[in-house]
Amino acid sequence: MTGGTREGIDLTRVLEAPQQRVFAAWTSPEDFAAWYGGEADVPLDRVAMDVRPGGSWHLVIVMPGVEMPFHGVYREVSEPDGLVFTLKDGSAPEDAEGEMVTVTFSDLGGGRTELAFQQRGGNLTPEQYAAAEDGWEAFFDALADRLATHP
């Protein structure tokens, strides 16, 4: 992105999986733990998901010598069309809502789904948004791998 301002992340991916399967990959602890974090480990016993409006979620990415907790609250759940949830990491102030993530799953037919991802909030610097975007890209690579190996 050019310029010094940045207010979020917008990514789109076409996944080789049916819409319902993509939704499940975002809402099943086993699936979510398998791809969130990219190459890093997310132990299943460190994942909790109460997938309903007002329900919370959390997980911990574990890497050698460091643990990175993430958590938030589901604002909207529209199976199989998408989710809206808050996202905070361990450094976020307790009273902050965090970033707002909107992810939409559009059925393209033929067992393919378009994933449209948006993260907003203005809580990160442009450099932090760029790093977070790189992270999401790696996560979505892992998601595509998960969907290919666990249809």
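The values are calculated or read from the model by the stated rules, or taken from the named source; none is laboratory data. Predicted model, so just to flag it, every value in this text is computed and none were measured. When we count neighbours, we look across all protein chains shown, and the Cβ atoms used for this are built from the backbone with ideal geometry, even at glycine. Remember, those area values only see protein heavy atoms, side chains included, never the ligands or the DNA or RNA. Shrake-Rupley method; radii C 1.70, N 1.55, O 1.52, S 1.80 Å.
Here are the numbers for this structure:
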item: Residues located in region 67-117, provided they are of a type in the set (Gly, Ala, Ser), more than 22 Å from residue 16 (Cα to Cα) and in contact with a strand residue (DSSP E or B) (Cβ under 6 Å, 6 or more places away or on another chain); result: 72, 90, 98
item: Region 1-18, subset part of a loop (DSSP other than H, G, I, E, B) and in contact with a strand residue (DSSP E or B) (Cβ under 8 Å, 6 or more places away or on another chain), residue least open to solvent (accessible area, probe 1.4 Å); result: 17
item: Region 97-110 residues that are open to solvent by less than 30 Å² (accessible area, probe 1.4 Å), paired with ones that are of a type outside the set (A, V, I, L, M, F, W, C) and not in a strand (DSSP E or B) (beta carbon under 8 Å, 6 or more apart); result: 98/121; 98/123; 99/121; 99/123; 105/19; 105/80; 105/81
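This table checks each residue for (1) under 18 Å from residue 31 (Cα atoms); (2) more than 11 Å from the chain's Cα centre (by Cα).
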{"residue": "62", "(1), (2)": "yes, yes"}
{"residue": "74", "(1), (2)": "yes, yes"}
{"residue": "93", "(1), (2)": "no, yes"}
{"residue": "96", "(1), (2)": "no, yes"}
{"residue": "122", "(1), (2)": "no, yes"}
{"residue": "127", "(1), (2)": "no, yes"}
{"residue": "140", "(1), (2)": "yes, no"}
{"residue": "146", "(1), (2)": "yes, yes"}
